[in-house]
Amino acid sequence: MNEHEKINYIELPAKDLQLTKSFFTKVFNWSFVDYGTEYIAFSNEGIDGGFYKSDLSLSTANGSALIIFYSNDLEATQSKIEKASGAIVKPIFGFPGGRRFHFSDPNGNEFAVWSDKKRITTTREL
């Protein structure tokens, strides 16, 4: 639903759109619509948006806004990111609201994942 003067859509750079589609599909189960060869769109993922072909990438070191995902199981989400060729930029750390980590997708865009849940200890770890 479009709401007056509320954030409605986000556009992000990506060097390789096919790599972007593969990564976000594997990790977050997103689906995309292609609009030509230089733009792909996603919807119903917390906010609608798209990726446009660009040699630029998002990085907090360069002053970029940080897009943050939520997870009920931080370690499981981190594992999926690593298996899909994402890189951990900042390992899991605590902050007053919970825990989070930063990662980059295969195109070098930096994102974060946070959780207000404590680490789940498995019997194998005991």
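No value in this document is a laboratory result; all are computed from the given coordinates. From a predicted model like this one, the values you see are computed outputs, not experimental measurements. Glycine gets a Cβ as well: all are built from the backbone with ideal geometry, and neighbour counts include every protein chain shown.
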Counted residues, the stretch 1-31 - those being in contact (Cβ under 8 Å) with a residue 12 or more places away in the chain, farther than 22 Å from Leu66 by Cβ and part of a loop (DSSP other than H, G, I, E, B) = 0
Restricting attention to the stretch 85-107, does a residue exist that is in contact with an Asp or Glu (Cβ under 6 Å, 6 or more places away or on another chain), of a type in the set (D, E, K, R) and surrounded by 15 or more Cβ atoms within 10 Å (Cβ to Cβ)?
-> no
Restricting attention to the stretch 11-29, report how many residues are closer than 17 Å to Lys80 by Cα, out of contact with any Asp or Glu (no Cβ under 6 Å at 6 or more places or on another chain) and not small (Gly, Ala, Ser).
-> 9
Return only the number of the condition from (1) assigned to a loop (DSSP other than H, G, I, E, B); (2) of a type in the set (A, V, I, L, M); (3) touching a helix residue (DSSP H, G or I) at 6+ places or on another chain (Cβ under 8 Å) that Ile40 does not satisfy.
-> (1)
Cross-chain or 6+ apart pairs with Cβ under 8 Å, the stretch 68-89 first and free of Cβ contacts under 8 Å to residues at least 40 places away in the same chain, then acidic (Asp, Glu) = Ile88/Glu82; Val89/Glu110
Flagged in the stretch 43-63 as closer than 23 Å to Ser79 by Cα and of a type outside the set (Ser, Thr, Tyr), in numbering order, are Glu45, Gly46, Leu58
If you check Gly108 against the conditions, is it free of Cβ contacts under 8 Å to residues at least 24 places away in the same chain and on the phi > 0 side of the Ramachandran plot?
-> no
If we ask which residues in the stretch 56-71 are more than 16 Å from Lys26 (Cα to Cα) and assigned to a loop (DSSP other than H, G, I, E, B), their number turns out to be 8
Residues of the stretch 1-42 being among the small types (Gly, Ala, Ser) and out of contact with any strand residue (DSSP E or B) (no Cβ under 8 Å at 6 or more places or on another chain), in sequence order, are Ser22, Gly36
